[in-house]
Number of protein chains: 2
Amino acid sequence: MTDQTPRTPRSLFTGLSAFPLTPIHDEKIDEAEYVGLLERLVAAEVDSITALGSTGSYAYLSTDERARVTELTVANSGHTPVLVGVGALRTRDVLANVESAQAAGAQGLLLAPVSYQSLTEADVFELFRTVAAATDLPLVVYDNPGTTHFTFTTELYGRLAALDGIASIKIPGFDAAPDAWTQRVDEIRAAVGDHVSIGVSGDGFGAAGLNAGCDAWYTAIGGTLPTPMADITRAALAGETEKAALLSAALQPLWDLFTDFGGSLRVVAAVAEHLGLVRPHSLPLPLLGLDDDQKRRVAEVVDRLELS
Amino acid sequence: MTDQTPRTPRSLFTGLSAFPLTPIHDEKIDEAEYVGLLERLVAAEVDSITALGSTGSYAYLSTDERARVTELTVANSGHTPVLVGVGALRTRDVLANVESAQAAGAQGLLLAPVSYQSLTEADVFELFRTVAAATDLPLVVYDNPGTTHFTFTTELYGRLAALDGIASIKIPGFDAAPDAWTQRVDEIRAAVGDHVSIGVSGDGFGAAGLNAGCDAWYTAIGGTLPTPMADITRAALAGETEKAALLSAALQPLWDLFTDFGGSLRVVAAVAEHLGLVRPHSLPLPLLGLDDDQKRRVAEVVDRLELS
């Protein structure tokens, strides 16, 4: 807990934050396809759009490409607030991304401790301190151990939350009963204080996290299928926990794809490709995407659940 | 086993390959310090110099910085062959690094499957196939699971070795008895054939790997302390297995630092800083390097073992 005055209302970091893909063909960003994805998010009235998350392949893009995607996002998101992922292996490059995001008019930043050499807690704290000191934009702490290979402790969440400028923590989802979820969110809340929002990620765990008291759902699949994810979010935030859980349970075949195919990016790309929102082979190499059998199963699930 | 004719003599990938640090202060490469490190390697008559390995912080440098380091290395290595690390998160950027290494006159390339999203075996095979097809320079497959989070199977080694252009496999070290080492190297040899060199990495395991039949030692600490590592290598390759093991055992307090401080880069930087080869704080942020207590222990070991 800290007694500082928040410089950003927590509401910017509340509700459904949708993470669009950055479609890439022949190594170039397809701007028309990207704008098409943004238009769906605005139409679905998501609470915010997070450009250049893991789902937006931020780690694979140059500083210039990231500046361009940020500009496109701000220009095509209407009144929907825009958050931008600024993580990079090197602090110098993170700061360049912060500058371009700020110049483009982003309203918040998402920062993951991307690693090649494994990072120490001291490295990560200093990274966040440096970035928070370099910008007036509020920061989301992006805890994504599957890609960064850094494990945050609850105590580190607390130390970071005490920095001026930290506005939200994006926590990984996990498979547990509602009671265990509530206990975990309460534990984090006690560490970070009331001025910092807690957002759940890991798409299959959105309903569980929101029902347990998370303020936001940072969702990969919601960047491509915003409407069903917005329905779950609205039910949960209205206190209709059972409805949220039922809506999520109805999507279990979709969640199973994430588990079975090792993560969300390849599945989300395959969903977008199957729906014709992006052309085939929309990921940056070396990522080949799902194989043909896997894509057929994705198509079957999308059609059966009538996702669109 | 393949029956293709090797396009590069295995001898380029035999013996001691020393990996120099790329000293970075205030976010800029210190070219004078880097050239000073190269001069020590040439004087110690290492068999090759590998610029921009993990120890050379390749993953943190821009394409332009990497081109510059490559030029500096070729210009300051005399007759010592130069290998260059070309790995990057994105295949496009790998190919740009290949082009600049080739233009600068490198004699071989080192490629690790760097990841943010975890890579599949198909992704990795296609990456190596693409790069091998794009260059006439021989490639070292860089298996470094601690930083890439990709695990090679022996079968994948074999598939890669069958590609035209794959000249060597850099395998991770592991703690095992001599018999187990020999068995493992024999197993890899059976998979990759005789035309591909096998190089051990993981500094504490150099003698064990060479004594078990590895052709090369790809050494991080050898980029900063070439002489003792060259002594071990020469003994092992001359068949003086006991002498190599004794020389390595005498350095046990040094090897313990790598184990205790979680990897080699921070320790190697601290050694170079203690010896005055590079000024303090020589790593790219967010890497803070070892803390003061750890640096004191490094200094104590370097002094006690009279390393220089």
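The values are calculated or read from the model by the stated rules, or taken from the named source; none is laboratory data. In this text, all values refer to a predicted model and were calculated from it rather than measured experimentally. Virtual Cβ from ideal backbone geometry, glycine too; neighbours counted across all protein chains shown.
Figures for the structure shown
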read-out	value
The listed residue being modelled with pLDDT of 95 or more, farther than 19 Å from A:Val200 by Cα and of a type in the set (D, E, K, R), out of A:Glu27, A:Glu39	A:Glu39
Those residues of the range B:9-22 which are touching a helix residue (DSSP H, G or I) at 6+ places or on another chain (Cβ under 7 Å) and more than 19 Å from B:Thr227 (Cβ to Cβ), in sequence order	B:Thr22
Failed item, numbered, when B:Leu52 is tested on (1) away from chain A (no Cβ under 14 Å); (2) under 15 Å from the mean Cα position of the chain (by Cα); (3) without any contact (Cβ under 8 Å) to a residue 60 or more places away in the chain	(1)
Of all residues in the range B:106-118 being of a type outside the set (Ser, Thr, Tyr) and either more than 22 Å from A:Leu89 (Cβ to Cβ) or surrounded by fewer than 21 Cβ atoms within 10 Å (Cβ to Cβ) (or both), the one that is farthest from the other protein chains (Cβ to nearest Cβ)	B:Gln107
Residue match in the range A:247-267 (condition: among the polar types (S, T, N, Q), modelled with pLDDT of 95 or more, surrounded by fewer than 16 Cβ atoms within 10 Å (Cβ to Cβ) and not in a loop (DSSP other than H, G, I, E, B))	yes
Identity of the residue in the range A:269-297, more than 21 Å from the chain's Cα centre (by Cα) and at positive phi, that ends up farthest from the other protein chains (Cβ to nearest Cβ)	A:Gly276
Flag for B:Thr233 being out of contact with any Pro (no Cβ under 8 Å at 6 or more places or on another chain), modelled with pLDDT of 95 or more and surrounded by 18 or more Cβ atoms within 10 Å (Cβ to Cβ)	yes
Of all residues making up the range B:129-183, the number that are within 30 Å of A:Phe150 (Cα to Cα) and small (Gly, Ala, Ser)	3
Members of the range A:220-263 that are touching a Phe, Trp or Tyr at 6+ places or on another chain (Cβ under 6 Å) and either closer than 30 Å to A:Asp291 by Cα or charged (D, E, K, R) (or both)	A:Ala220, A:Gly223
Failed item in (1) within 12 Å of chain A (Cβ to nearest Cβ); (2) part of a loop (DSSP other than H, G, I, E, B), with B:Glu126 passing the rest	(2)
Cβ pairs under 7 Å, 6+ apart, first in the range B:144-172 and under 17 Å from B:Thr219 (Cα atoms) and within 14 Å of chain A (Cβ to nearest Cβ), second surrounded by 17 or more Cβ atoms within 10 Å (Cβ to Cβ) and not polar (S, T, N, Q)	B:Asn144/B:Ala112; B:Thr147/A:Tyr116
Filter pass, A:Arg279 being in contact (Cβ under 8 Å) with a residue 24 or more places away in the chain, over 20 Å from A:Phe205 (Cα atoms) and not hydroxyl-bearing (Ser, Thr, Tyr)	yes
Residue match in the range B:272-285 (condition: in a helix (DSSP H, G or I) and either touching an Asp or Glu at 6+ places or on another chain (Cβ under 6 Å) or of a type in the set (Asp, Glu) (or both))	yes
